[in-house]
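Scroll down for the structure; my scribbles are underneath it.
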Amino acid sequence: MTQQKLSETVQAAAGLQEAAGPVAPTPAALSALRPLGLGRVRLGEEGLLGQWRRRNAEDTLPHCVDNLHGSGNIGNLRTAAGESEGEFAGMWFADSDVHKTLEAAAWQLAASPEDAGLRSFVDDTTALLARAQQADGYLNSYFTVVAPQDRWAKPDWSHELYCAGHLIQAAVAAGRTGASDALVTLARRFADLLVERFGPDGVEEVCGHPEIETALAELYRLTGHRPYLDLARRFLDLRGRGLLGHGRFGPRYYQDHQPVREVREVTGHAVRQLYLLAGMVDVAVETGDLSLLNAAERLWEDAVNRRTYVTGAHGSRHRDEAYGDPYELPPDRAYGETCAAIASFQWNWRLLLATGRARYADEMERVLYNAFAAAVSSDGRHFFYSNPLQVRTGHASAGEEAAARRLPWYSCACCPPNIARLMASLPGYLATADDDGLWIHLYGDASFDAPGGRRVEMRTAYPWQGRIELEIAEAGTGQPWTLALRVPGWCDAYAVSIGGEPVRAAARDGYVRLTRAWTPGTTVVLDLGMPVRQVTAHPRVDAARGCVALARGPLVYCLEQADLPHGTVLEDVRLDPGAPVTPDHREDLPEIPVVLTATGLVADAGGSLYTAGARRERTGTPLMLTAVPYFLWGNRSEGPMRVWIPVAATG
Ligand SMILES: [Zn+2]
């Protein structure tokens, strides 16, 4: 980016300072923390998060727009508007890809209002949506063009409310950033139709794919129109009464098997479960219904303690894109849909705001840097749908199913536009603020412009290094306030200094809280120790028994075929348990700031498939192993990869 363009961007961002980001609790909400807002956080160009966001703006988002045209999504809307005779293309919920891309564009416009391409995409697409909208407010190209007789007739399958939810979320983004009033107007027309049809005196129905709940709660936050929130709550209250029927996979698949406040386990389709949980938290804090929040926190414990991959991925079954049994976490058959990683991040943000508990920020960080980040290629134009933790030698991928490399687009393209909207809204997830001070939850090269004239600059090479330097650029009125800094759950040792002087600052509930009458120019350094961790899984995770995963800071690492000597089979490699694993930089891998090096051994893979009695594995000559960050796997060459590394037997 040129210096001039950068300064224009900075000025424009300053003009949109008040723009809220994803999730903006109303003043009355039971919310422990308040987001600082999208417009008050600026990501620097040097840091990894800033690089990701720029790549999203320059590559992923334009790539999504191109594919909406190329795959027929835009054409479907033209047909629905009566402007073309084309055949309907793609999935029956293809409109949702348009809506998610619109949402991404709206968030991005907060930082790049001068971007003419984005501007015209938002304006043109909004105008097209308005023309495709029916007189009563209904808007869905599939049920307008292909199956008008089935409108609202198949809620278990239709995704109509799911698509409506994504349209509403795009409108919320447009409303918060000022990107498009027209989009807000047309989404409200549809939402008003939903209130009329499904509201207090209306039809008792829920959607097979949750999403509408969180969308309506956010639309209420944007507009203050209470019927939207009431309808979101009604959709939650109606779940678990069997309204969706049995379906192909049973009611657990779409979370209709039990009332939401009584459920004890996450079940079924992971994305649906996680979007539903996001809606539960939104409605809980806006209505003061703690039973919903308690249920969401209880389900978090089930999900994170028994059914989440070490990368933060959710979903271990391909068949129904679903959670498995407790501890059923096969690395090679991991589903880990990208959308589930995104949904987990969004859900954890809601829980963090509601409760202020650091464990939710920890989970945001884990999924952001691992399961989510891995879904995008380094060029920003190729994507994973499922995110395995192991790809075997000889892996047979049937196109989109369990792909061993990132693909430019998918016939069910839910993930790429979802990536675009999260990346575009990323600054909105870093910090919270109130009269007492500023809380920083995620670290990166960034600056924070908190209300009351409190401005903090943060410089760091995180996640590659643990040293985080902050400068109080503007200190406010001179009254004391608190700078709260998260100490990640993985961090055992850290040090804090203020103005170069070490201070004793014990983290309480996951945060170091520094309260001072700050003066401008004061520096604060948080130094997080980042030793390499050899992570083991709970003994019931059979699929990872005898293995370790290497991690450093928030990053999980993996072994790739690309780093093995020719002829060595990755499945035969063992980690030498007695040798150290050390951070390193390799000149021939300039794109990876920190790799891990270790000593490995190659096991003798001879013998028959099954043997009577214990098998004693012989290991041969040592070899040097290089582990790379999981999120960067598959960018050099296609080939086997594994996160869980078997440890050589001792003795
Ligand atoms: Zn997806």
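The values are calculated or read from the model by the stated rules, or taken from the named source; none is laboratory data. The structure presented is a predicted model; accordingly, all values stated were derived computationally and were not measured. Here Cβ is always computed from backbone atoms with ideal geometry, including for glycine, and neighbour counts include all displayed protein chains. All accessible areas refer to the heavy atoms of the entire protein, side chains included, with ligands and DNA or RNA removed. Shrake-Rupley method; radii C 1.70, N 1.55, O 1.52, S 1.80 Å.
Restricting attention to the stretch 241-299, report how many residues are at positive phi and within 16 Å of the ligand (Cβ to nearest atom).
Taking the stretch 241-299 as the starting set, the residues that turn out to be at positive phi are 242, 245, 247, 250, 255, 268, 288.
Now narrow it down to the ones that are within 16 Å of the ligand (Cβ to nearest atom): 268.
Number of matching residues: 1.
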For residue 432: the one exception among (1) modelled with pLDDT of 95 or more; (2) of a type in the set (Val, Ile, Thr); (3) in a loop (DSSP other than H, G, I, E, B): (3)
Lone qualifier among 427, 417 - being part of a helix (DSSP H, G or I), in contact with an Asp or Glu (Cβ under 6 Å, 6 or more places away or on another chain) and either touching a residue at least 40 places away in the same chain (Cβ under 8 Å) or farther than 21 Å from residue 54 by Cα (or both): 417
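Condition test on residue 461, is it more than 13 Å from the ligand (Cβ to nearest atom) and open to solvent by 30 Å² or more (accessible area, probe 1.4 Å)?
Working: more than 13 Å from the ligand (Cβ to nearest atom): yes; open to solvent by 30 Å² or more (accessible area, probe 1.4 Å): yes.
Here the answer is yes, as residue 461 does meet what is asked.
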Entirely in the stretch 250-359, the helices (runs of 4 or more DSSP H) that have 3 or more residues that are more than 19 Å from residue 429 (Cα to Cα) and either basic (Lys, Arg) or open to solvent by 10 Å² or more (accessible area, probe 1.4 Å) (or both): 270-287, 290-306
Residue list for the stretch 365-376, filter: open to solvent by 10 Å² or more (accessible area, probe 1.4 Å) and within 16 Å of the ligand (Cβ to nearest atom): none
Only listed residue being touching a Gly at 6+ places or on another chain (Cβ under 8 Å) and either hydroxyl-bearing (Ser, Thr, Tyr) or open to solvent by less than 10 Å² (accessible area, probe 1.4 Å) (or both), chosen from 180, 141, 158: 158
Residue in the stretch 337-347 that is out of contact with any Ser or Thr (no Cβ under 7 Å at 6 or more places or on another chain), within 30 Å of residue 65 (Cα to Cα) and away from the ligand (no atom under 14 Å from the Cβ) present: yes
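If I filter the stretch 395-411 for residues that are touching a Cys at 6+ places or on another chain (Cβ under 6 Å) and within 16 Å of the ligand (Cβ to nearest atom), do I get at least one hit? Outline the logic, then answer.
To start, the set of residues in the stretch 395-411 that are touching a Cys at 6+ places or on another chain (Cβ under 6 Å) comprises none.
The answer is no, given that none of the residues of the stretch 395-411 is touching a Cys at 6+ places or on another chain (Cβ under 6 Å) and within 16 Å of the ligand (Cβ to nearest atom).
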Residue in the stretch 303-310 that is out of contact with any helix residue (DSSP H, G or I) (no Cβ under 9 Å at 6 or more places or on another chain), farther than 19 Å from residue 281 by Cβ and away from the ligand (no atom under 16 Å from the Cβ) present: yes
Residue 95 vs. criteria surrounded by fewer than 18 Cβ atoms within 10 Å (Cβ to Cβ), within 23 Å of residue 219 (Cβ to Cβ) and not aromatic (Phe, Trp, Tyr): no
Pairs where the first residue, in the stretch 482-508, is over 22 Å from residue 434 (Cβ atoms) and of a type in the set (A, V, I, L, M) and the second is open to solvent by 60 Å² or more (accessible area, probe 1.4 Å) and part of a loop (DSSP other than H, G, I, E, B), C-beta under 9 Å, 6+ apart: 493/531
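Can you tell me which residue among 362, 379 is away from the ligand (no atom under 16 Å from the Cβ), of a type in the set (Asp, Glu) and not in a helix (DSSP H, G or I)? Can you show your working first?
Numbers: 362 fails: not in a helix (DSSP H, G or I).
Exactly one residue qualifies, and that residue is 379.
Run down 620, 639 and say which single residue is under 31 Å from the mean Cα position of the chain (by Cα), more than 18 Å from residue 373 (Cβ to Cβ) and not aliphatic (A, V, I, L, M). Write out each step before concluding.
Numbers: 620 fails: under 31 Å from the mean Cα position of the chain (by Cα).
Exactly one of 620, 639 is under 31 Å from the mean Cα position of the chain (by Cα), more than 18 Å from residue 373 (Cβ to Cβ) and not aliphatic (A, V, I, L, M), namely 639.
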